[in-house]
Each structure stands twice: as C-alpha cells, then as structure tokens.
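The values are calculated or read from the model by the stated rules, or taken from the named source; none is laboratory data. Keep in mind that what you see is a predicted model, and the values were worked out from it rather than measured. Cβ sites come from the backbone with ideal geometry, for glycine too, and all protein chains shown count toward neighbours. The accessibility values were calculated without ligands, DNA or RNA, using every heavy atom of the protein model including side chains. Shrake-Rupley method; radii C 1.70, N 1.55, O 1.52, S 1.80 Å.
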Amino acid sequence: MRNWSLPLAGEKYHTLKSFIARKADMRLAMHGRLRDLLTDIIVEEWPVGCKPEHLEQVLRAKVCLRVRKSYGSVVGMFLISVMVNALVRIVVEWWFAREAHRVLMVGWSKNAAQNPDV
C-alpha cells in the first residue's frame, strides 16, 4: 500500500532525502541524522552551472572542504571517506534522473545561498 502522507512542513529536500534513504547502503542507513545533515551541505555546496561531466568531482571537492573545515581533521576524514563519497554519488544520480530534479536543485541551492540559516 502506498503511503500518501505529506512530508513534514519543516523537512527540507524531502524528495532528495527519500531517494537517498531508498538507495542508501548500511553505512548511510545507520546514520540517518548525519546523512540528512550531509545532504543539506551537498545542496548548499551544489555547483550551479558546472558542466555535467565535472559535476561529481567538483561537488565532492566542495563538500570535502566544507566538512573538513566544519568538523575537524579526524571526524572530517571519517565523514569524507565513508559517507560523503557515497552521498555525492547518489545525489548526482538523482540529479541526472529527471529534468525536474535539476530544476529543484538549482532552486534549493539558490535558496540555501540566500538564506543560510533557514
């Protein structure tokens, strides 16, 4: 039976986070809260206007720098090696899947840049 419930009003990026939750392996599934936080960072760091063939590498580099800066070297390196690479790969897959996803990502990343505390 399909769940027709609406996402919570405060839940950011529900479409993307649902896709990630379905695609997540055990490493990502065990850390849902951290996975969602890193997803928020990915959206905030999304390289709007980047050529599609360079998207994954540019995004990974931007997110890795942000995580390293925010969480320090030991924790940052753990997050980078275990979670960020997998998340970036899944988000890029989602982005390529539909034109609507590309439109959503541009809107989300612009909104995140304009309202970093929201």
For region 41-51, does any single residue satisfy the condition of being assigned to a helix (DSSP H, G or I), free of Cβ contacts under 8 Å to residues at least 60 places away in the same chain and surrounded by 12 or more Cβ atoms within 10 Å (Cβ to Cβ)? yes
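Take the residues of region 13-24 that are open to solvent by 60 Å² or more (accessible area, probe 1.4 Å) and touching a residue at least 40 places away in the same chain (Cβ under 8 Å): which is farthest from the chain's Cα centre (by Cα)?
So the first thing to find is which residues in region 13-24 are open to solvent by 60 Å² or more (accessible area, probe 1.4 Å), and the list is 14-15, 22-23.
Still in the list and also touching a residue at least 40 places away in the same chain (Cβ under 8 Å): 15, 23.
Working: Thr15: 11, Lys23: 13 Å.
Top of the filtered list is Lys23.
Out of Gly72, Gly76, which single residue is more than 13 Å from the chain's Cα centre (by Cα) and on the phi > 0 side of the Ramachandran plot?
Numbers: Gly76 fails: on the phi > 0 side of the Ramachandran plot.
Answer to the check: Gly72.
Output the helices (runs of 4 or more DSSP H) that fall wholly within region 61-117 and possess 3 or more residues being out of contact with any Pro (no Cβ under 8 Å at 6 or more places or on another chain) and surrounded by 17 or more Cβ atoms within 10 Å (Cβ to Cβ), or say none. It would help to see each step written out before you state the result.
Details: elements: 73-79, 85-97, 99-114.
Answer list for region 61-117: 85-97, 99-114.
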Do the conditions hold for Arg66, that is, is it modelled with pLDDT of 95 or more and either touching a Gly at 6+ places or on another chain (Cβ under 7 Å) or among the basic types (Lys, Arg) (or both)? no
